[in-house]
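Coordinate-derived values only; no laboratory data. Nothing here was measured: the structure is a model prediction, and the numbers come from that model. Methodologically, a virtual Cβ is constructed for each residue, glycine included, from the backbone with ideal geometry; neighbour enumeration extends over all protein chains shown.
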Amino acid sequence: MRYAVLGTGTVGRTVAERLVSLGHDVVLGTRDPAATLTRTGAAGTGAPAVPYAVWQAGHPRVGLATFAEAARTGEVLVNATGGRVSVEVLTAAGAEHLEGKVLVDLANPLDFSGGWPPVLDPANSDSLGELIQRTFPGARVVKTLNTMNCAVMVDPARVAGEHHVFLSGDDEEAKGSVRELLHSFGWPPASILDLGGIQTARGAEMLLPIWLTLMGRLGHADFNFHVQGA
Ligand code: NAP
């Protein structure tokens, strides 16, 4: 399968590396490939300490292209951009390149403009997952994996015992294919909880304040939610 992972941050890189290890073709999407390759410092929230070019040299099988070119060639798209810029990124990617494709949305609409802790925007009566689905009705949006650290997303065994990953989306077939992707990452069938339509992304996104508090309290990110009785 050809994946376009939109976003060159820690999450995009982590997901891309895992997809390549599973034998997929992967292109990372960025605003300006030349600028990304020459960037020496950190860029973005929680930006990786390793410059992109250094990371790329160690991952020669991952391609790099503009958001539009990546989205054009990708059969399945992954949104791994900051939630506050995701619509802008997907607009740059081109609605025509999203048409009919599964769009795995693992972003969180965290607004850091007021400092720490960040707030969610949108929240309560809307969510990023819904906003993306509304803005790009031709895309088959599936919200998942946003409720854990990216290392856990692609290697759930990092957290001992049973724990869960959520799925939200209006397209059952798209959710089925994302389920298969999650299995391939190592998520057992019983660990995948389908919450329902894309509106249920509100709840998954609104777990972020408690997730961030727990990370601060525990001092690490190798934890996840377990729903007893699921
Ligand atoms: P990030 O720093 O939030 O985003 C990096 C990407 O955003 C880059 O590709 C960058 O483009 C693009 N970008 C930044 N500002 C932009 C702008 N003004 N216009 C267009 N594009 C812009 O990346 P991340 O830390 O890897 O997180 C990605 C997403 O995953 C976030 O929504 C985050 O909340 C979510 N998430 C993270 C974790 C985790 O473990 N960190 C866990 C769950 C969910 P360039 O490539 O051109 O620089």
Taking 0.36 nm per residue of separation and subtracting the Cα-Cα distance, what length does fully extending A53 through A221 add? 57.9 nm
Which one, K175, K101, K143, has the greatest fluctuation when you compute a Gaussian network model over the chain with C-alpha springs under 10 angstrom? K101
What does the extension gain come out to for T213 and T40, with contour length at 0.36 nm per residue minus their alpha carbon separation? 59.2 nm
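Summing +1 for each Lys or Arg and -1 for each Asp or Glu, what net charge is found among the other residues whose Cβ lies under 12 Å from the Cβ of V154?
The answer is +1.
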Once the Cα gyration tensor of segment 67-117 is diagonalised, what are the square roots of 5 times its eigenvalues, in whole Å and ordered largest first, as equivalent ellipsoid semi-axes? 24, 11, 7
Within-10-Å neighbourhood charge of V62 [Cβ basis; K, R +1; D, E -1]: 0
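More than 24 Å apart: what percent of Cα pairs in the chain qualify?
Everything past 24 Å amounts to 40 percent.
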Distance from segment 189-230 to segment 59-86 (C-alpha centre basis), Å: 25 Å
So how far, in whole Å, is the C-alpha centre of segment 1-34 from the one of segment 97-160? 16 Å
How large is the direction-averaged shadow of the alpha-carbon convex hull of segment 146-226, in nm²? 5.0 nm²
What list do you get for S191, S127, S184, S113 if you sort them by fewest beta carbons within 10 Å? S113, S184, S191, S127
Packing-based exposure ordering (other Cβ within 10 Å, fewest first) of V227, V104: V227, V104
Points 7 angstrom from Cα along the Cβ direction at A160 and H183: gap in nanometres? 2.9 nm
Find how much the distance from V85 to M1 grows on full extension, using 0.36 nm per residue of separation minus their present alpha carbon separation; answer in nm with one decimal. 27.6 nm
Counting helices only, and only those DSSP H runs with n ≥ 4, report the 222 nm mean residue ellipticity of the chain as the sum of -39,500 (n - 2.57) divided by its residues, in deg cm²/dmol to the nearest 500. -10000 deg cm²/dmol
